[in-house]
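Below is one structure, written out as structure tokens; comments come after it.
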Amino acid sequence: MSVIVAENISKKYIIDHQRKSGTPSLRDVVSDTLGKVFPGKNKQDDFAEKEEFWALKDVSFRIEQGDRIGIVGHNGAGKSTLLKILSRITEPSTGQIKINGRIASLLEVGTGFHPELTGRENIFLNGAILGMSKTEIKQSFDAIVDFAGVEKFLDTPVKRYSSGMYVRLGFAIAAHLNPEILIVDEVLAVGDTEFQKKSLGKMRDVSESGRTLIFVSHNLTAIQALCNKSFYFEKGRLVDQGDTTHIVTNYLSQVSHKSLEKHWDDINHAPGNDQVRIKSFKVVPEFQDNLSHIDVRTPIDFRFEFWNMEEGANLNLSLHLYTFTGECIFNVGTQSESFGKGLVTGTCHIPGNFLNDGSYVVSMMIVKDTSTVLYNMEEALVFDIEDYRENVTWYGKWPGYIRPQLNFSIRQTEHLVND
Amino acid sequence: MKHTITIKAGGSEKDYWKDLWLNRQLLWILSKRDISVRYKQTLLGLAWSVLRPLMTMGIMVFVFSLVAKLEGDPGIPYPLMVLSGITIWTFFSNTFTQISSSILINSNLVSKVYFPRLLMPLSSVAVGFVDFLITFVIFLVFTVVSGYGLSWNIIFVPAFVILTFFISLGFGLFFAVLNVRFRDIGQLIPFIVQVGFYICPIAYTSRLVEGQWFESIYKLNPIVGIIDGFRWCLLGDKAYFDPQSLISTTILSLITLVLSIVYFRKKENTFVDHI
């Protein structure tokens, strides 16, 4: 039986290009993101006063009872918009959705928690906000407290809670909702290992009891562990749906060919100046085990070619690797060498099991006499590294910019003798 | 399955009032939240609700009675006249202010969870109402202690309280919607309240306006009739009250209320896009 039937859902936002100040409008967010990925592409838009932006376009699907649906896609693909529409937070511009059954959505942990109120008061407040009746909350009260492990702090204002406790309490309340359809957005990426296991288990319980689950996450490992079917969104469209393994593979192979390569064949139009011009710059993954995407195990080469136009110039090359949010992870440079006129090529090798999962941005800089920057190609390449884990039952975001495998051993040095 | 909903553009109409009723527990809990949070981490706590109206009254008496030598209605002690005016005016200004900012204050809820948005302005009234009850009791104590005595007209108080609630809701909802879109409203509201304090008969009696050329304009303000009427309830027939003004007040407040509810309903699904 279909619990959700969506027909041609679209959601349109009007982006007001005249807005210059105040809180960041949607337009600022959208154009900032676009500007990072496609520098210079949306320049003429600055003249337009208003522009339509389709966060979702003609999306149709059916969800059967008991399905566990994973939703994957890049930032801005429309996942959150879909969740917002399903949760009735915002309306679709066109199309309609029929929902059979009580729906509860968990777009955030601890929605509406008031910092000044105690844990106990917040359980009732948050429960009511999520749509539980007072009787239901009372019935599950002990279970919630137990699940969250906050017995001792029930009468402490939540502003004194550690962030871990806060999140645990928030999830515990949501986990004891008894909806027929549960919508969950990226909440697994919080809390400690043990709690993650508990919450993932809880979500599995939900789905095994015949209820329907819709789960959005960037964490493909968690989606694979939890969902039997998946939807793949791209630029507001539902481009693929089906069996989770199939969708995840498809998604990953799309992801990895994003902006891995830039090259210019014509020296006169290549970026640069009178002294140097860039011919190509690319990320070359060394795929292993028939993989078609970059994950944390994949070794990567940065390969570059440029034309040197000045005889005998002392040049060295410098690479900056940034996270997508702009923190510099490292800067490496070659030795300075003297080159004749012509093509210069080079490679920088990044071993596998070194970078963490995430999106990365590379900038390339050509330096003369180790001090003068001849040419700086900012945000030259963008690539994603996907997560991969073996023998780990924890699905949270792996912390840190890098994720090296170091020589790290443990062994037992003494046995306690019981007598 | 019994619970079926259809989501489409402008489609939440049908079950709205039913939803609102089903969510009445949430209304109660949100109200309780606002009340219990009110005086957290204050030294004096609830005493503030007592102190504030008393201090306002003290200043009014000093400025208008002692310095400006203003007189109230004949036969009514000036402090009582001021206190009665403050009681109902504060109820109006508090609820009006809170309703106007209710959506923005709860913006974290607006963007994360669905319930009929009308719950937010409705629940925000609670704090103002509790304050009103406290001030009202202070007034009763004051009146009895001062030996003035209460009037039987007091049985009409609930009617005026409800009317005040309607007016504050009518204007408040309208501003609440605008406030989401244009934050300028947040700046404007304290100003409106401040001006209102002077153009309403709080520190003086409407008797002074009687026969002036601007009387008819003055009485267009729906709060004027309410304050006069409220005073008449508490202090008896010596207080100035023009029952005629009540008709326009009632009509005006009901029209405003209906229009603003329609406006609110029309806009509430777009709140999330502007927050």
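A few remarks follow.
- Sequence-distant residues sharing a close amide H with residue A:15 (under 5 Å, placed H): A:51, A:52, A:53
- 27 Å Cα-Cα threshold exceeded, pairs from A:202/A:397; B:219/B:266; A:235/B:112: B:219/B:266
- Within 10 Å of the Cβ of each residue in B:19-25, the mean number of Cβ atoms contributed by other protein chains is 2.
- Rounded FRET efficiency, nearest 0.05, which uses the C-beta distance separating residue A:354 from residue B:16 and R0 of 56 Å: 0.50
- Mean residue ellipticity, 222 nm, helices only, chain B: the sum of -39500 (n - 2.57) across DSSP H runs of n ≥ 4, divided by residue count and rounded to 500, is -22000 deg cm²/dmol.
- Inter-chain Cβ neighbour count for B:36-48, averaged per residue, equals 2 (cutoff 10 Å, partner chain atoms only).
- Remark: relative contact order (chain B) = 25 percent; criterion is Cα-Cα distance under 8 angstrom and separation of 6 or more residues.
- HN-Hα J in Hz across region B:45-62 - Karplus 6.51, -1.76, 1.60, θ = phi - 60°, x for Gly and Pro: x, 4, 4, 4, 5, 8, 5, 4, x, 5, 5, 4, 4, x, 5, 4, 4, 5
- Counting every pair of alpha carbons in the protein assembly as shown, the share spaced more than 32 Å apart comes to 64 percent.
- Each of B:233, A:328 was scored by other Cβ atoms within 10 Å of its Cβ. Listed from fewest to most, they are A:328, B:233.
- Dipole size of the protein assembly as shown about its Cα centre, with +1 on Lys/Arg Cβ and -1 on Asp/Glu Cβ: approximately 1860 debye, rounded to the nearest 20.
- Label point distance in nm, residue B:41-residue B:198, each placed 7 Å from Cα along Cα→Cβ: 3.6 nm
- Relative contact order %, region A:176-297, counting alpha carbon pairs below 8 Å whose residues are six or more apart: 16 percent
- Options A:284, B:151, A:96, ranked by Cα towards positive dipole end of the protein assembly as shown, top entry (Cβ charges): B:151
- Among B:99-108, A:166-175, A:220-229, sorting by the average number of other beta carbon atoms lying within 10 angstrom of each residue, highest first, gives A:166-175, B:99-108, A:220-229.
- Neighbour-count ranking [beta-carbon atoms within 10 angstrom, fewest first] of A:408, A:354: A:408, A:354
- Partner chain coverage, peptide A:97-104 - average Cβ within 10 angstrom: 4
- Most fluctuating residue given options B:185, B:217, B:167, as computed from a GNM of chain B linking Cα atoms under 10 Å: B:217
- Region A:47-126 and region B:80-109 have Cα centres spaced 33 Å apart.
- Sites listed here are chymotrypsin sites (Phe, Trp or Tyr not before Pro) in region B:185-275 whose DSSP assignment is loop and whose Cβ has at most 15 other Cβ atoms within 10 Å: B:213, B:214.
- Between helix B:157-181 and chain B there is an angle of about 50 degrees, using the helix long axis and the longest principal axis of the Cα atoms.
- Alpha-carbon centroids, region B:21-62 and region A:292-309: separation in whole Å: 64 Å
- For region B:185-215 versus region B:129-168, the spacing of their alpha-carbon centroids is 20 Å.
- For residue A:374, the residues whose amide H sits under 5 Å from its own are A:366, A:367, A:368, ignoring neighbours fewer than 5 places away on the same chain, with H placed 1.01 Å from N.
- You can think of it this way: the chain between residue A:343 and residue A:241 has 32.1 nm of extra reach, that is 0.36 nm per residue less the Cα-Cα gap.
- Principal semi-axes of the equivalent ellipsoid, √(5λ) from the alpha carbon gyration tensor of chain B, are 37, 21, 17 Å from largest down.
- For residue A:93, residues with placed amide H under 5 Å, excluding near neighbours: A:10, A:11, A:12
- Across region B:252-268, computed HN-Hα scalar couplings (Karplus, 6.51 cos²θ - 1.76 cosθ + 1.60, θ = phi - 60°) run 4, 5, 5, 4, 4, 4, 4, 4, 6, 5, 4, 4, 4, 4, 5, 9, 5 Hz from first to last residue, x flagging Gly and Pro.
- Hz values of 3J(HN,Hα) by residue in region B:149-155 - Karplus curve (6.51, -1.76, 1.60), Gly and Pro given as x: x, 9, 9, 5, 4, 4, 5
- Ordering A:266, A:301 from the fewest to the most neighbouring beta carbons within 10 Å gives A:266, A:301.
- Computed over region A:261-385: relative contact order in percent, which uses C-alpha pairs under 8 Å that are six or more apart: 26 percent
- Rg/Rh, computed from the Cα trace of region A:65-254 with Rh as the Kirkwood radius, has the value 0.98.
- The loop-placed trypsin sites (Lys or Arg not before Pro) in region A:353-403, going by DSSP, that have at most 13 neighbouring Cβ atoms within 10 Å of their Cβ come out as A:389.
Here, each number is a calculation from the coordinates, and none is a lab measurement. Keep in mind it's a predicted model, so treat the numbers as computed, not measured. Virtual Cβ from ideal backbone geometry, glycine too; neighbours counted across all protein chains shown.
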